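Trainee: The following block contains the structure, expressed as structure tokens.
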Amino acid sequence: MLYERRGFRFRSSARMLAALVFILLCIQPGHGQTCTEGFAYDRRSRQCIDVDECRTMPDVCRGDMRCVNQNGGYLCLPRNLYNQPFRPETPALPEPLYPETSLGFPEPFVPDPAGSVEASYPRVRSTAQCILGYAPAEDGSCHDIDECETNTHHCNPTQVCINTEGGYTCSCIEGYWLIGGQCQDIDECRYGYCQQLCANVPGSYSCSCNTGFLLNTDRRTCQDVDECEEEPCSHGCLNSYGSFMCNCDEGFELAVDGITCKDLNECEFSDFLCQHNCANTPGSFYCLCPPGYYVFEDGRSCEDINECDTGNNTCTTEQVCFNFQGGYTCLDPLQCQPPYIEVGDNQCMCSAENPACRDQPFTVLYRHMDLSPGRAVPADIFQMQATTRYPGAFYIFQIKSGNDGREFYMRQTSNVSATLVLSRPITGPREVVLDLEMVTVNNVINFRGSSIIRVTIFVAEHKF
């Protein structure tokens, strides 16, 4: 480009344009924050600020070049151009051009005085001289050259040109940084941009959340999802961080799917849950007792129903109701078989004056009792004692009949008493009739006689 004023020529060589140093960007570490070349991380403001290379890098521009700091870089410009005014304060008056004498004009040209009529020859206004990065405009001012618009920049194809006053900078779009003169993708996932899951994509990144979480509106953090609001459990639900837990009501257990509840069969846990039978129900159970029993207050054990007290029996008015474990029986009125005669309640006697009674027991007393099959052995169950004592007499106690299974024996506890002992476990239901005999022997008067207690034992079916 050639500028001419009053014969003075100034030539701006192509070497002057080559003095423009383009910006090279690099990564500057700073406490976990990276800045492109030309910027430095300020810990106080927590942002990247421009580095003034003209102050921090001595002799960055060599020769007759002067360093001019730019945002993110610098320029090296000739000192004489830099010293020229950016824009004249007053517009320069056009100066006349004097014709050369060599063209054949014998007399010199004298301009008219001020205020005279404008000359008929053409007048040209002077052109403003502009520094690099600016171009003269028609009004004589210097306008910035948009190197990015005119495509006169030297940015790499992977870079983005950004126009500045008097120059331009080469940068990378968001999500890229300059490495070795090339814009390369920033792996944002390495710097913990996402709270949970991160997927890097060219020029950006995408955050997602683990199961049980929902991405917030900031697209980075995650919040817990309360799954219990959707009622996923068949019974109860307990929300937890990132998940939930189902629980079941009493009497149920959680199925293998962790959501549904199935009935818990309590009756399978133990044979001792109920004294007799156990019946399972959804979420619970109840105990059953056999006929003749009812479920006790504890809900598990069985108690005998006394049908004789409750009146729930079939005995007639002539009969006597006898209750035993699990049932009852109706006892007919006592009928003494000859030669015995009835002498009182439940007692028959055979008189000594009657010849038919000579070899028979003197008295027969009837007794009734019940017995549970689960009773521990040996066990004392009945006591027998002489009511009349004679001088010089002694007594012998024995089981005369009914002990076919050898479950009982008589143990004499004194010279006038004995006890009936259960020696073996006994099962029911059954009815056992034992004749317990007391033999009286008196050698002084040569007397021998006996009395019988006929004991009827009702053995229950169950052990309770």
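The values are calculated or read from the model by the stated rules, or taken from the named source; none is laboratory data. Small disclaimer: the values here were computed from a predicted structure and weren't measured. Positions of Cβ are backbone-derived with ideal geometry, glycine not excepted, and every protein chain shown enters the neighbour counts. With ligands, DNA and RNA removed, areas are computed over all heavy atoms of the protein, side chains included. Shrake-Rupley method; radii C 1.70, N 1.55, O 1.52, S 1.80 Å.
Trainee: For ARG367 and ILE445, compute 0.36 nm times the residue count separating them, minus their Cα-Cα distance, and round to one decimal in nm.
Mentor: Taking 0.36 nm per residue and subtracting the Cα distance, the gain is 24.9 nm.
Trainee: Going by average Cβ density within 10 Å per residue, which order do the peptides 231-237, 56-62 take, highest to lowest?
Mentor: The packing order, highest mean first, is 231-237, 56-62.
Trainee: For LYS463, LYS262, give me the order by solvent-accessible area with a 1.4 Å probe, most accessible first, ignoring ligands, DNA and RNA.
Mentor: Result, largest first: LYS463, LYS262.
Trainee: Tally up the carbon and sulfur contribution to the accessible surface of the stretch 178-225 as a whole percent, 1.4 Å probe, everything protein left in place.
Mentor: 48
Trainee: Work out the FRET efficiency for GLU461 and ASP249 from their Cβ-Cβ distance, taking R0 = 56 Å, and round it to the nearest 0.05.
Mentor: Numbers: r = 38 Å, r/R0 = 0.68.
After rounding to 0.05, the efficiency reads 0.90.
Trainee: If you don't mind, there's one more thing I want to ask. Before I look further, what does the stretch 256-400 give for accessible area per residue, probe 1.4 Å, in whole square angstrom?
Mentor: Per residue, the stretch 256-400 has 65 Å² of solvent-accessible surface.
Trainee: To continue, here is another question. Put +1 on the Cβ of each Lys and Arg and -1 on the Cβ of each Asp and Glu in the stretch 244-377; which of THR314, PRO338, MET245 then has its Cα farthest toward the positive end of the dipole?
Mentor: The residue sitting farthest along the positive end of the dipole is PRO338.
Trainee: Mark the label point 7 Å from the Cα of GLU431 along Cα→Cβ and return the residues of the stretch 389-408 whose backbone N is within less than 16 Å of it.
Mentor: Under cut-off, by backbone N: 402.
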